[in-house]
Amino acid sequence: MQRKQIKTVIFDWDGTLHDTIHIYEPAFKKAMAYLVDEGLIHSKEWKTEDIKPFIGMSPTAMWATFKPALSKDVIEVASSIISKTMQSLIEDHQGRLYSDVIETLTYLKHKGYYLVYLSNSKTYYMELMKSHFDLTRFFDRFVCSETHNYLPKQQILTEIKEELPQGMAMVGDRIIDIETGKLNGCLTFACDYGYGPANELKDADIHLSDLTKLKDYL
């Protein structure tokens, strides 16, 4: 895919545009405290670096990776704790975009790119972010995994890509983003500043040390 052919730019959200750890870490720890109180897991001192790998996963993948033995009912309660805590923190203005997000999205919008929000998240979270950060001023389409029965991102983009202006670029910070882009013929941009370790991003076409570097290519 040549840069001059790009018409659609697809963005992951957490770790790419939103510095999610500030709301996810306290929410995650609150859910873990519940599981400890219920005698379902052993007490552990969770460090930020232990928690970051969960960011960007779908809820289904996150719980499967974390503790497969938990029952569906327990996961539902713990997941609700995370969701409600994150929602409260967002409403309390604790959510943070990376410092160069507004500048970069404004630039791309003015350049005429069709911008897509694609997140491994629940619908409430996407809608909350859309409203809180007034994202409709930038994005032409919003897609999250819950509205597609928590299918992997690769499959979601495969399902919707014919509805998007061709060709496409995918911007993200986790291996799922790079794989999603590669599978669907996108030019892939790896956000090295996000939550994915370097080995996850090695196959990306282009690496970004910060989001403004995107302007050098689009």
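Values quoted throughout were computed directly from the atomic coordinates according to the rules given, and no laboratory measurement underlies them. The model shown is predicted, which means the values in this text are computed figures rather than measured ones. Every residue, glycine as well, gets a Cβ built from its backbone with ideal geometry; the counts of neighbours run over all protein chains shown.
Over all directions, how big on average is the projection of the convex hull of the alpha-carbon atoms in the range 21-91, in square nanometres?
Across all orientations, the range 21-91 yields a mean hull projection of 4.5 nm².
Counting only helical runs of four or more DSSP H residues, what would the 222 nm mean residue ellipticity of the chain come to if each run contributes -39,500 (n - 2.57) and the total is spread over all its residues?
-12000 deg cm²/dmol
Compute log10 of I(q)/I(0) for the chain with the Debye formula, placing one identical point scatterer on every Cα and leaving out solvent, at q = 0.10 Å⁻¹, to two decimals.
Result of the Debye calculation: -0.43.
As an exercise, use a Förster radius of 25 Å and the Cβ-Cβ distance of Ser80 and Gln154 to find the FRET efficiency, rounded to the nearest 0.05.
0.35
Specify the inter-centroid distance of the range 114-146 and the range 18-75, based on alpha-carbon positions, in whole Å.
Spelled out, the Cα-based centre of one part sits 23 Å from the other.
So if R0 is 35 Å, what FRET efficiency would Gln5 and Glu38 give, r being the distance between their Cβ atoms, rounded to the nearest 0.05?
0.05
Viscosity 1.002 mPa s, temperature 20 °C: Stokes-Einstein D of the range 36-155 from its Kirkwood Cα radius, in µm² per second?
Diffusion coefficient, whole number: 130 µm²/s.
I'd like the orientation of helix 72-91 relative to the chain: the angle between its Cα long axis and the longest Cα principal axis, in ° from 0 to 90, rounded to 10.
60
When the chain is treated as a GNM, springs tying every alpha-carbon pair under 10 Å, which of Asn184, Asn149, Asn120 comes out with the largest mean-square fluctuation?
Asn149
What FRET efficiency comes out for the pair Lys72/Asp216, r = Cβ-Cβ distance, R0 = 41 Å, nearest 0.05?
Calculated value: 0.30.
For the chain, with the dipole built from +1 on Lys and Arg beta-carbon atoms and -1 on Asp and Glu ones, taken about the Cα centre, which of Ile21, Thr85, Thr180 lies farthest toward the positive end?
Thr180
Which of Ile160, Ile23 has the fewest other C-beta atoms within 10 Å, and how do the rest follow up to the most?
Least to most surrounded, the residues fall as Ile160, Ile23.
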